[in-house]
Amino acid sequence: FNNYGPRQNWREPMAAVIPRSIQRLLDGQRPVIHGEGMQSRDFIYVLDTVDAVVGVYERLAPGDSVNICAEGQMTIRSVLEAICRLMNIAPDFEFQERRHSDVECHRGSTTKLRRMGTYHETEFEIGLKATVDWYVDRLGSKKAMHP
């Protein structure tokens, strides 16, 4: 599912939506929305993913699988609005044509993960704030040093 958090790639072409949008805002550009931004994703904070992987490693039988997700649906547009709010920037998006390869919905279930007793979930706003702060500290200071 969709991990987010500090240290994620923000450079094109493989950049994820959260770090790429933060980077664009720091550069004085608008975040990009493909289509209307109603595509939904199941975002999970990277440290929660790490905890889940470590927690199931010894418990999961070889060849077995488990979803590591947050079991929540967030639209791309709502994520970008939250980033703008955390950065104290009025939402103003650059709308581009919908990508044909864009999946409309990523949705997982944590039922099995919860039964294994290894599930921890960071609230999205808390994880997103930590993520925004990390990029602002790193990318914002670089831009101040090298305009």
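The table below gives the values:
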item	result
DSSP bridge pairs, the chain: antiparallel proportion in percent, nearest 5	20 percent
Estimated Rh, segment 23-86: Kirkwood, alpha-carbon pairs, angstrom	14.3 Å
Accessible area (Å², per residue) of the chain, counting only protein heavy atoms and a probe of 1.4 Å	59 Å²
Spread of Cα-to-Cα distances over 5 Å intervals beginning at zero, given as percent, for segment 29-147	2, 10, 16, 17, 16, 15, 11, 8, 4, 1, 0
Charge tally in the Cβ shell below 11 Å around Arg30, where Lys, Arg are +1 and Asp, Glu are -1, Arg30 excluded	-2
Carbon + sulfur, % of accessible area of segment 41-147 - ligands and nucleic acids excluded, 1.4 Å	54 percent
Rounded tilt (10° steps) of 76-86 against the dominant C-alpha axis of the chain	70 degrees
Neighbourhood charge, 14 Å Cβ-Cβ cut-off, centred on Ala16 and excluding it, Lys, Arg +1 and Asp, Glu -1	+2
Cα Rg, Dmax, segment 1-44, angstrom units	10.8, 29
Summed side-chain charge close to Phe124 - residues other than Phe124 whose Cβ falls under 14 Å, Lys, Arg +1, Asp, Glu -1	-4
Cβ-placed point charges (K, R +1; D, E -1), dipole of the chain about Cα centre in debye, nearest 20	240 debye
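The values are calculated or read from the model by the stated rules, or taken from the named source; none is laboratory data. The model shown is predicted, which means the values in this text are computed figures rather than measured ones. Glycine gets a Cβ as well: all are built from the backbone with ideal geometry, and neighbour counts include every protein chain shown. Accessible surface is based on the protein model in full, side chains and every heavy atom, while ligands, DNA and RNA are left aside. Shrake-Rupley method; radii C 1.70, N 1.55, O 1.52, S 1.80 Å.
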